[in-house]
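Quick notes on the structure that follows.
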Amino acid sequence: EIRKISSNVYDIDGGSFTTCDLEEPSYWFWAKAMRIYQRDKVVGKHVLAYVNHLPIFYFPFVTMSIKRGRQPGFLIPEPGYNNIDGKYIKDLAYYYPYKDFADLILGLDLKEKTGWKTNFRSEYIRRYYYSGSLKASYQKNINSAGTTFDWSLRGNHHHDLPEKSSLDVSLDFVSNKRIYESSDLVDESLAQWLTSSISYRKPIGNTYFNAGAVYNQDLINDTANLNLPTMSWSLPSRPFYELFKGKSDAWYSNLSFYYNTRLDHTGNIRKSDPAFSDYIWENTIDPADSTRYVVEHHAGLKQMLGITNNYNYRGWLNLRQSMDYSEAWYDRDKKIING
């Protein structure tokens, strides 16, 4: 029964509501009493959540926004049932739009047999300045082995800086792979490697300077490797007269040069409980095998320089002479422990 209370308000007795677009909905919400504020919200009292005609959850009071556009309010939860979790309700979430460039969602999943999970999600963009997203979660998981608490953090950020330089950050960390066991996303449930990185890029004349760091975590073997830091600068082949601000018809006008340099620090961590120093420089020999490291770091610097002379003889013969020089500096020989 539907009764019109005023020009934009309606009362419904024994009504149901669903966001499922199937001809025969797989879930819906039934309310003993429901009031609809047109283009504003739906309010229900004594609400039952149904999944395939099975009532699985009761709400004494529910309000849901039906406004158009970005409006703060509670989102429609997803009830359900499976053999592992039992009865569950996912995405009990509150949505909040921050100004005109960010969305924030704080949610909760409740599972009858396996615990609960909280999550926070945000996406933001400010044109010509920055953009990114953040996703964090914390869960209590109950199984035959006991009760565990796990967390995850995933995010990315791009920032446009002055003088056409830029900063990019990517984060992907978990306390344990267990947190992905019930994930509906394939890239999470099958993940073996997690990669986090930070990179900075700055133009210098006609070249670019790059600096950054990369951290890779192996979830299966409980190991990690990193590049912290890595820096490079490359100057492609340029005529010599540009260096001395000379003229293109000078005696050295046929000479050109190039220069490349790269600095890198790598680390391999096969330790179950690494300390902060293990990520920076500390090397640790395996107590069970003195010829093997459980934490091993290496650093090196490589430079390359070249000069080329191009000469055209009488318009039909091209002559080219070049000289190249390269060097590499290492912290120690990999084969010598105390080198």
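Descriptive notes on the structure:
- In the chain, taking the dipole from charged Cβ atoms about the Cα centre, the farthest positive-side position among Thr223, Tyr200, Ala145 is held by Tyr200.
- Measuring between alpha carbons in the structure, the pairs from Lys90/Lys117; Lys271/Lys302; Lys140/Lys177; Lys67/Lys87; Lys41/Lys111; Lys90/Lys135 lying more than 19 angstrom apart are Lys271/Lys302; Lys67/Lys87; Lys41/Lys111.
- For the range 255-306, the solvent-accessible area of protein heavy atoms averages 56 Å² per residue (probe radius 1.4 Å; ligands and nucleic acids excluded).
- Averaged per residue, the range 146-190 has 61 square angstrom of accessible surface, using a 1.4 angstrom probe with ligands and nucleic acids left out.
- For the range 129-232, taking the reciprocal of the average inverse distance between every pair of different Cα atoms yields a Kirkwood hydrodynamic radius of 15.8 Å.
- With every protein chain in place, the range 125-241: carbon and sulfur % of accessible area (1.4 Å): 57 percent
- Other-chain or far-sequence residues with amide H under 5 Å of Ile66's (modelled H): Asp40, Lys41, Val42
- Along the chain, longest interval not containing exposed GluC sites (Glu not before Pro), exposed being DSSP loop plus at most 16 other Cβ atoms within 10 Å: 182-281
- Å² per residue, accessible surface of the range 1-121 at 1.4 Å: 63 Å²
- Reduced Cα scattering model of the range 8-127, Debye log10 I(q)/I(0), q = 0.12, 0.15, 0.19 Å⁻¹: -0.51, -0.78, -1.13
- Relative contact order of the chain, taken over Cα pairs closer than 8 Å and 6 or more residues apart, is 6 percent.
- Given +1 at the Cβ of Lys and Arg, -1 at the Cβ of Asp and Glu and no other charges, the dipole of the range 133-227 around its Cα centre is 220 debye to the nearest 20.
- When both the range 97-117 and the range 46-84 are represented by their alpha-carbon centers, they are found 14 Å apart.
The values are calculated or read from the model by the stated rules, or taken from the named source; none is laboratory data. Since this is a predicted model, take the numbers as computed values, not measurements. Backbone-built Cβ (ideal geometry, glycine too); neighbour counts: all protein chains shown. Ligands, DNA and RNA are excluded from the accessible area calculation, which covers all protein heavy atoms including side chains. Shrake-Rupley method; radii C 1.70, N 1.55, O 1.52, S 1.80 Å.
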